[in-house]
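The values are calculated or read from the model by the stated rules, or taken from the named source; none is laboratory data. Predicted model only: the values in this text are computed from it and were never measured. Here Cβ is always computed from backbone atoms with ideal geometry, including for glycine, and neighbour counts include all displayed protein chains. These area figures cover heavy atoms from the full protein model, side chains too; ligands, DNA and RNA do not enter into them. Shrake-Rupley method; radii C 1.70, N 1.55, O 1.52, S 1.80 Å.
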Amino acid sequence: MLQQSAEPTLTIRSGALLLTLKLKDIIYCEKEHGLRTTRIVTTTQSYVVHKNLNTIKEQLTAMHFFNEFQSYALNLDHVITVDFNKGVISMDNHDHLTFSRGTIKKLRAYYQTQG
């Protein structure tokens with residue numbers, strides 16, 4: 001019998017793969033441009049799944065996910081720095097994500113409402 005984890009998880013079926021990831025381990029999800037796939041980057045590895053990013057975002061219910069970007073879902077617990085002038089977000093896995101000024105404003109507004 002499988003034991004249920006008390007931690008929130010994301011479960012995705014993609015082809016023959018059934019993936020269950022702890023939400024706290026997901027660093028970010030990125031829509032693959034021109035493809036109908038999403039790349040999920042975790043603390044241990046990266047997965048490419050045949051799922052629409054918006055479908056995945058619906059399952060990212062933890063309060064630490066920022067889902068307002070069109071092509072990304074970010075786990076704010078893994079954000080190290082945000083350069084609002086350059087539009088660069090540095091994640092704790094050393095990835096640097098670049099956004100337009102208009103897009104990065106959404107994150108600035110979020111942080112301003114969080115106090």
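Some observations on this one:
- Of the listed requirements (1) open to solvent by 50 Å² or more (accessible area, probe 1.4 Å); (2) at pLDDT below 95; (3) over 12 Å from the mean Cα position of the chain (by Cα); (4) among the charged types (D, E, K, R), residue 68 misses just one: (3).
- Residues within region 15-57 that are part of a strand (DSSP E or B), open to solvent by less than 60 Å² (accessible area, probe 1.4 Å) and farther than 20 Å from residue 94 by Cα, tallied: 3
- Tally of residues being surrounded by 11 or more Cβ atoms within 10 Å (Cβ to Cβ) and either in contact (Cβ under 8 Å) with a residue 24 or more places away in the chain or within 23 Å of residue 41 (Cα to Cα) (or both) across region 92-107: 11
- Only a single item in (1) aliphatic (A, V, I, L, M); (2) in a strand (DSSP E or B); (3) closer than 25 Å to residue 111 by Cα is not met by residue 12, and it is number (3).
- Filter result for residue 50 (more than 14 Å from residue 106 (Cβ to Cβ), at pLDDT below 95 and touching a helix residue (DSSP H, G or I) at 6+ places or on another chain (Cβ under 6 Å)): no
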